[in-house]
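These notes concern the structure reproduced below.
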Amino acid sequence: AEQRAALLPVPNTKSARPNSDVDQSMNGMHMIETHEGSKEWELWSDRAQSLKVKEILELEMVKAIFFSHSGVTFTVTGRRGTVQEKSKNLHIDGDVVIKSSNGYLFKTQSMDYNSSLRKIVSDQPIAMVGPKDNLGESL
């Protein structure tokens, strides 16, 4: 299975200080991950740091959109995050809000996205609100 990630051009890219774990520091990062020719997820971050030794991207103020096979999208926001460069697994924490395109809202403190399984999971308590029914009430 082919996986590709594309980092789009980013202004204000800076090289890290010598002897630092930080390989690159970026402002306004936008990343797209595709799998077998279709978009798997898209990610934006106000700031990102590439830690080459750990092979991760550390993110601040994160927004991601996950695309399911069924066509439903999940938009996730949080304060911090990481992307594992090899596996493309994501972790987002800090006031995480997940909104589905079919009307569900989830709130938790952290979530993980497993790229190989294409699943969002959390080991933290989750508050959920469903879409409104014909009477205007939500689950």
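The values are calculated or read from the model by the stated rules, or taken from the named source; none is laboratory data. Not measured: the values here are computed from a predicted model. Please note: Cβ atoms are built from the backbone with ideal geometry, for glycine as well, and neighbour counts cover all protein chains shown. We work out accessible area using only protein heavy atoms, side chains counted, and drop any ligands, DNA or RNA first. Shrake-Rupley method; radii C 1.70, N 1.55, O 1.52, S 1.80 Å.
Things to note:
- 37 °C / 0.692 mPa s Stokes-Einstein diffusion coefficient of the stretch 81-129, Kirkwood radius on C-alpha pairs, µm²/s: 289
- H69, H35, reordered so the largest accessible area comes first (probe 1.4 Å): H69, H35
- Alpha-carbon centroid distance for the pair the stretch 18-95 / the stretch 98-133, whole angstrom: 17
- Eligible lysines near K54 by straight Cα distance, threshold 21 Å, same-chain separation 8 or greater: K14, K86, K88
- Largest-first ordering by accessible area, 1.4 Å probe, given options V97, V62, V129: V129, V97, V62
- Of E42, E36, E60, the order by accessible heavy-atom surface (1.4 Å probe, DNA, RNA and ligands excluded), from most exposed downward, is E36, E60, E42.
- Of all accessible heavy-atom area on the stretch 51-117, the percent that carbon and sulfur account for (1.4 Å): 53
- Estimated FRET transfer efficiency when R0 is 22 angstrom, pair S100-N134 (beta carbons, to 0.05): 0.70
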